[in-house]
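Quick notes on the structure that follows.
The values are calculated or read from the model by the stated rules, or taken from the named source; none is laboratory data. Small disclaimer: the values here were computed from a predicted structure and weren't measured. Here Cβ is always computed from backbone atoms with ideal geometry, including for glycine, and neighbour counts include all displayed protein chains.
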Amino acid sequence: MIMKGKKGIVLGIANKRSIAYGIANACREQGAEMAITFLNERFESKLAPIAEELGCGERLYPCDVSKPEEIVALRESLARDFGQIDFIVHSIAFSPREGLEGRFSDIPKSAFNIAMEISVYSLIELVRELKPVLSDNASVLTLSYYGGEKYIPNYNLMGIAKATLEATVKYLAEDLGKDGIRVNAISAGPIKTLAAAGIGDFSFILRWNEANAPLKRNVTIHDVGNAGMYLLSDLSRGVTGEIHHVDSGYNVMGMPAVEFDENGKPSLVWKG
């Protein structure tokens, strides 16, 4: 098994439709042991059965990344239960509603600061605080989206957060490379998750991607999970600082696939 003997922590599972769950499950299937975290008491009861399924029922830890003391407590729990860990999955992002609605120029500073703290700075803080328990060849993985590279309708503030996150991956990769630690991101195509529910017209984004991606389909959490497992495993020991797209090839398209109606007006090619 590719991940046999590997131990890690997965942050950001909300339910079995989460991308983080797809990654955790792929790692488990390849022999990894892990712990997972929950945000608050409301999520603890929901995640308990998932933790059991993933073989980590006794390693379900609280971690609200806006609370530094909980990150420190997480490190102490990992040191107690594992000694050292070999991977971190950071699948955490958040923007207040006002960061996703209305005109971009009207986004309030308070929303901007919250989105950056939770979606970006949490990665830096996690790596710094957990570094004492990271093994010599540890791998860190975070999750991004194409809205950090190009404009995506209704993504607004999260697009800026993802762009910053991708730059952070590159700077962390250089900084931690001297310690043997790799840092990468997956830019996943749109998937119907709990987080995606906050994006306006998300169903159209799904249809648009399916129609225009080279593979003519949307990706699943299993597609992303297997790619994540590869980036966390020794198969990718020479890979760091990468933003790896798992989006059925959508990111390579320079123009959408369109056809013209009887009036000569372009329309989306959609055969769903």
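General observations
- The condition of being exposed (fewer than 15 other Cβ atoms within 10 Å of the Cβ), over 18 Å from ILE88 (Cα atoms) and acidic (Asp, Glu) does not hold for ASP136.
- Members of segment 227-244 that are part of a helix (DSSP H, G or I) and either within 19 Å of LEU172 (Cβ to Cβ) or over 13 Å from the mean Cα position of the chain (by Cα) (or both): GLY228, TYR230, LEU231, LEU232, ASP234, LEU235, SER236
- Test: residue in segment 92-103 that is modelled with pLDDT under 95, out of contact with any Gly (no Cβ under 8 Å at 6 or more places or on another chain) and at positive phi: yes
- Residue check, ALA211 part of a helix (DSSP H, G or I), within 20 Å of the chain's Cα centre (by Cα), within 27 Å of GLU101 (Cβ to Cβ) and modelled with pLDDT under 90: no
- If you go through segment 142-185 and keep only what is within 18 Å of SER105 (Cβ to Cβ) and in a strand (DSSP E or B), you end up with nothing.
- Residue match in segment 105-117 (condition: touching a Gly at 6+ places or on another chain (Cβ under 6 Å) and outside any helix (DSSP H, G or I)): yes
- Matching residues, segment 174-194, being of a type in the set (A, V, I, L, M, F, W, C) and either free of Cβ contacts under 8 Å to residues at least 40 places away in the same chain or more than 28 Å from LEU235 (Cβ to Cβ) (or both): LEU194
- Every condition in (1) in a helix (DSSP H, G or I); (2) crowded, with 17+ Cβ neighbours inside 10 Å holds for LYS131 except the one numbered (2).
- Lone qualifier among TYR155, TYR171, TYR151, TYR146 - being free of Cβ contacts under 8 Å to residues at least 24 places away in the same chain and under 18 Å from the mean Cα position of the chain (by Cα): TYR171
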